[in-house]
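The values are calculated or read from the model by the stated rules, or taken from the named source; none is laboratory data. If you're wondering where the values come from, they're calculated on a predicted model, not measured in any experiment. Cβ atoms come from the backbone with ideal geometry, glycine included; neighbour counts cover every protein chain shown.
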């Protein structure tokens with residue numbers, strides 16, 4: 001809203017006296033000459049003679065608090081300060097005063113009209129910031145609560161280290177707003193609006209916090225210099241803040257606050273309310289930590305699948321995943337890890353520290369693969385969550401007991417998806433009909449003879465037919481392995497020397513393990 005102090009400052013030395021009980025003014029519709037007996041409105045600025053103002057104050061004839069400017073008087077009239085109305089006496093002739101006030105009110109109305117028309121035309125928030133920047137001829141930045149750039153105007157008009165860092169790096173110099181502000185002097189602060197002045201550069205940094213539901217959801221910054229002395233930057237920030245709130249409302253951010261920003265973001269993705277990649281990318285700009293090129297989801301779950309009792313785990317996870325967004329979803333902790341490099345093996349965090357933390361806190365961590373496609377984050381969450389579900393039952397002896405990487409259990413995940421579809425289509429869970437018949441024969445032999453030929457065959461193929469490695473995996477002498485391989489060949493009577501057969505046997509063995517260990521079923525012999 002317009003601020004009477006700004007208007008008074010623009011008039012400068014022409015102001016003879018002032019009484020300003022109300023700093024904030026409503027939106028102004030124009031300039032009127034005050035006439036006794038005519039109803040008045042606070043949405044207009046009035047010009048009046050001193051005698052008429054004195055009469056108004058004595059009679060308290062106005063129902064609303066109004067702002068009145070008094071031009072130069074031929075006779076001096078003393079006016080008592082008012083507790084209700086803004087009264088400003090000037091030494092300007094009535095024509096000059098009227099023209100100056102009209103210019104100011106016209107600029108307010110012009111700004112408001114241009115910005116509202118841009119919204120009505122469906123312009124994007126960056127487009128609106130650029131329009132506002134052209135109106136005041138100063139750079140404008142929309143920052144997240146942690147003062148990283150979300151959007152900025154196309155043109156900068158003026159330049160300094162702050163503007164250059166925001167434009168090129170996306171954050172304030174040294175990535176530390178506190179250090180930047182400490183080099184300036186705070187010269188004005190009221191509610192959510194604060195102005196800093198750099199004496200060295202003679203630049204002014206106008207910050208306005210945008211609040212919604214009691215939380216700071218974003219910040220606006222306009223940088224000016226002394227040439228902007230007749231520009232009401234505070235009013236422009238007010239206009240833009242209402243527009244930003246509207247855009248945030250359209251993003252369905254009901255209670256965006258600190259971690260809640262990421263909580264609502266990941267919840268909307270998991271629950272399929274946020275599916276379009278462009279919408280996801282828009283929402284991600286408001287997160288505490290900016291997303292890098294490749295993204296992965298880590299799910300942390302208590303071994304008993306109940307809520308975590310304290311915050312120590314989260315605090316230690318924040319140290320391991322420094323620079324990553326995390327939140328609680330249900331009984332899980334969900335971490336969105338991002339990095340610039342694609343990784344086909346391990347991601348860029350300390351797995352040993354995560355393993356130690358999970359062991360100490362009696363928890364599990366499931367880690368998805370990475371992707372550059374933000375619309376696949378829900379899929380990554382499902383994969384990370386299901387990796388814990390499968391790995392705790394189908395744990396591979398050579399791998400971690402607490403940190404489960406999807407790639408290590410990816411084939412079990414494929415089997416799990418196939419098994420659920422099989423049950424849906426066939427109306428029973430006897431998925432053994434998906435395996436190679438030779439595996440059923442070996443299973444039947446093992447059951448009747450208390451043997452382990454199926455395990456021997458699995459590790460024999462898994463270890464590329466190495467007798468010594470198979471014996472090591474099963475803690476078995478190599479001669480014993482040779483004898484068992486011979487027996488296996490007699491029973492199944494198929495060559496195990498080609499890749500296709502090897503794949504069928506390995507996948508069939510894994511299906512048997514899934515059937516027995518996860519589905520808790522036995523093959524009917």
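Which members of the stretch 379-412 meet the condition of being part of a helix (DSSP H, G or I), touching a helix residue (DSSP H, G or I) at 6+ places or on another chain (Cβ under 8 Å) and buried (at least 19 other Cβ atoms within 10 Å of the Cβ)?
Residues satisfying the conditions are 381, 383, 384, 386, 387, 390, 391, 406, 409, 412.
Please enumerate the residues belonging to the stretch 298-325 that are more than 20 Å from residue 359 (Cα to Cα) and surrounded by 22 or more Cβ atoms within 10 Å (Cβ to Cβ).
Across the stretch 298-325, the qualifying residues are 324, 325.
Taking strands (runs of 3 or more DSSP E) that do not extend beyond the stretch 293-349, which have at least 1 residues that are without any contact (Cβ under 8 Å) to a residue 12 or more places away in the chain?
Output list is empty.
Yes or no: residue 442 touching a residue at least 40 places away in the same chain (Cβ under 8 Å), in a helix (DSSP H, G or I) and within 29 Å of the chain's Cα centre (by Cα)?
When the stated conditions are applied, residue 442 does not pass them.
When you look at residue 118, is it part of a helix (DSSP H, G or I), free of Cβ contacts under 8 Å to residues at least 40 places away in the same chain and surrounded by 15 or more Cβ atoms within 10 Å (Cβ to Cβ), yes or no?
Answer is yes for this residue.
Taking the condition assigned by TED's automatic domain parsing to the domain that holds residue 232 and within 30 Å of residue 244 (Cα to Cα), does residue 129 pass?
yes
Being part of a strand (DSSP E or B), in contact (Cβ under 8 Å) with a residue 12 or more places away in the chain and surrounded by fewer than 20 Cβ atoms within 10 Å (Cβ to Cβ): is that true of residue 156 here?
So residue 156 fails the test.
Which condition does residue 185 not pass, out of (1) touching a strand residue (DSSP E or B) at 6+ places or on another chain (Cβ under 6 Å); (2) buried (at least 17 other Cβ atoms within 10 Å of the Cβ); (3) farther than 24 Å from residue 155 by Cβ, if it passes all the others?
Of (1) touching a strand residue (DSSP E or B) at 6+ places or on another chain (Cβ under 6 Å); (2) buried (at least 17 other Cβ atoms within 10 Å of the Cβ); (3) farther than 24 Å from residue 155 by Cβ, only one is false for residue 185: (2).
Which number in (1) buried (at least 18 other Cβ atoms within 10 Å of the Cβ); (2) under 28 Å from residue 190 (Cβ atoms); (3) at pLDDT below 90 marks the one condition that residue 46 misses?
Failed condition: (3).
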